[in-house]
Structure formats: structure tokens, C-alpha cells
1. Being within 11 Å of another protein chain (Cβ to nearest Cβ), in contact (Cβ under 8 Å) with a residue 60 or more places away in the chain, within 28 Å of residue B:37 (Cα to Cα) and out of contact with any strand residue (DSSP E or B) (no Cβ under 9 Å at 6 or more places or on another chain) narrows it down to one of B:171, B:122, B:157, so name that one.
2. Among the residues of segment B:29-49, which ones are assigned to a helix (DSSP H, G or I) and free of Cβ contacts under 8 Å to residues at least 12 places away in the same chain?
3. Restricting to segment A:1-20, what's the tally of residues that are more than 7 Å from chain B (Cβ to nearest Cβ), free of Cβ contacts under 8 Å to residues at least 12 places away in the same chain and surrounded by 12 or more Cβ atoms within 10 Å (Cβ to Cβ)?
4. State all residues of segment B:1-22 that are crowded, with 16+ Cβ neighbours inside 10 Å and under 12 Å from the mean Cα position of the chain (by Cα); if no residue qualifies, say none.
5. In this structure, is residue B:25 buried (at least 16 other Cβ atoms within 10 Å of the Cβ) and modelled with pLDDT of 95 or more?
6. Just a yes or no: is a residue in segment B:153-170 out of contact with any helix residue (DSSP H, G or I) (no Cβ under 7 Å at 6 or more places or on another chain) and modelled with pLDDT of 95 or more?
7. Right, residue B:31: modelled with pLDDT under 90 and buried (at least 16 other Cβ atoms within 10 Å of the Cβ) or not?
8. Being more than 7 Å from chain A (Cβ to nearest Cβ) and either more than 22 Å from residue A:17 (Cα to Cα) or outside any helix (DSSP H, G or I) (or both) is the filter here; which residues of segment B:125-144 pass it?
């Protein structure tokens with residue numbers, strides 16, 4: 001794993017932990033320290049956060065998406 | 001002096017929409033595919049650090065100038081790259097504006113990208129992402145439902161997040177071939 005991939009992985013891990021929160025005081029301090037440690041961390045976290053929010057658009061499709069329905073939905077939305 | 005809230009807003013609105021073209025530009029001018037993600041991250045970090053002192057008047061030429069300088073510096077440091085490549089990079093200024101204008105994706109286009117990204121995931125990672133994003137289950141609930149450990153759910157969700165981010169932002173898994181993508185998911189313990 002390259003240095004950038006490692007940072008991405010850490011960013012995804014923090015984002016998940018924050019979503020499932022609340023973080024303990026120790027973890028919250030660790031997250032803040034991680035964010036402040038490098039602008040690369042901020043870049044990776046903000047990027048992941050943005051994309052993960054956008055991924056939430058699948059909620060619009062409703063529950064229990066089957067693969068077949070998904071493909072059909074893609075071709076329909078492409079019209 | 002801009003604060004993090006302002007910088008984050010700028011980064012989301014003005015920098016991230018450029019990712020697809022920025023990555024294309026870097027990939028076109030740097031042959032080592034394994035370095036591309038590192039270079040993109042370096043460019044973002046420099047842009048964020050500079051934004052603390054003030055935002056550029058025009059983000060696009062600013063971002064591509066940072067990328068060009070990064071490529072030149074890396075080429076010089078590596079010393080294995082021919083002098084011609086460095087010389088070419090130094091001439092890149094006039095080509096920085098040659099891409100099509102970026103545009104914001106509509107909600108429908110974004111949804112389509114999300115769906116296409118989901119289709120790239122292994123069935124298990126896709127299921128975990130859907131349980132979280134559609135059904136609203138957290139890590140513990142997902143682990144309990146699927147009968148697997150919380151660590152496995154975390155690990156597989158993170159893999160899904162990264163692959164989806166690449167697809168949504170248009171980096172197309174950064175040139176990874178299908179085989180490499182599959183390996184990444186298998187390395188993460190996903191069958």
C-alpha cells in the first residue's frame with residue numbers, strides 16, 4: 001500500500017468511526033491530532049467525506065436493490 | 001487567513017470537481033502509475049496549505065500549476081527521468097487550459113456514478129454498503145445481521161468507500177485494471 005493509500009484507508013476508518021459515534025474523548029483527540037498532523041490527512045478526509053455523502057444518493061432507490069433492478073435503473077436513468 | 005470551514009467548502013466546491021482532469025493530467029505526464037495517487041494527494045495538500053493564506057483567484061490554473069511543479073520536482077529528484085521530460089514539463093503552462101470545462105454533476109449523473117461504482121464492488125462489500133446507506137445499519141448491526149465480526153464490517157466498508165470515492169469523483173479507480181480492483185477487495189478479506 002502506498003503512503004497515499006494508507007492515508008486514504010485511515011481517512012475512511014475515521015469517517016466510519018465518526019458516523020457510528022460518538023467518539024470517546026481519547027478517540028476524538030486522536031482524530032483531531034490526526035487531522036492537524038498533515039494537510040494530506042485533511043485532503044483525504046474531506047475527499048472521502050464528500051464522496052461518501054454523495055454515495056448516500058442510493059437511498060433514493062429504496063431498500064433491497066437487486067443487481068438486476070440496479071442495472072435496469074442505470075439504463076433508465078441514462079435516457 | 002481562511003479557516004478550515006472555509007477551506008473545506010472551497011475544496012469541495014472548486015477542487016474536487018477537477019479531480020478527474022487533474023488525475024488525467026498527472027497520469028499523462030508521469031509514467032509510474034503507482035505514484036499517481038501520491039502526487040494527487042501532494043497537490044491537494046499543497047493547495048489546502050496555501051489556501052490558509054488566501055484563496056486563489058482561479059482555482060483551476062492554480063491547481064494545475066501546483067501539479068506541474070510537483071511533477072518537475074519529482075522528475076528532478078528521481079534523476080532517472082530523461083532531461084527531455086523535465087523540459088517538456090516546463091513547457092506545460094500553455095496546455096493547462098486545454099481540457100474541457102469542468103461542470104458540476106447533476107443529481108442524476110451522480111446517482112448513475114454511484115450505481116456504477118456499486119456494480120464494481122464484490123457482492124459482500126456491496127451488500128454492506130447498501131445496508132449502511134439504504135437501511136441505515138451501523139457496524140454492529142451489520143455484523144450481527146451478517147454473522148461476521150465488526151472489524152470485518154469496518155474493513156469491508158472502508159474498501160467500499162474508497163472504490164466508490166474513486167468512481168464518483170471520476171478517477172475510475174485510478175487506472176486500475178479489473179484484476180487489480182478485485183485483488184484489492186480480496187486483500188481486504190472480501191471473497
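The values are calculated or read from the model by the stated rules, or taken from the named source; none is laboratory data. Treat the numbers as computed from the prediction; the structure is a model and nothing was measured. Every residue, glycine among them, receives a Cβ derived from its backbone with ideal geometry; neighbour counts consider all protein chains shown.
1. On inspection, the qualifying residue turns out to be B:171.
2. Step one: list which residues in segment B:29-49 are assigned to a helix (DSSP H, G or I), which gives B:29, B:33-49.
Within segment B:29-49, B:34, B:38, B:41, B:45, B:49 meet the criteria.
3. 1
4. Listed by number, the residues that qualify are B:15, B:16, B:17, B:18, B:19, B:21, B:22.
5. It is false that residue B:25 is buried (at least 16 other Cβ atoms within 10 Å of the Cβ) and modelled with pLDDT of 95 or more.
6. Looking for residues that are out of contact with any helix residue (DSSP H, G or I) (no Cβ under 7 Å at 6 or more places or on another chain) and modelled with pLDDT of 95 or more, one finds at least one in segment B:153-170, hence yes.
7. no
8. B:136, B:137
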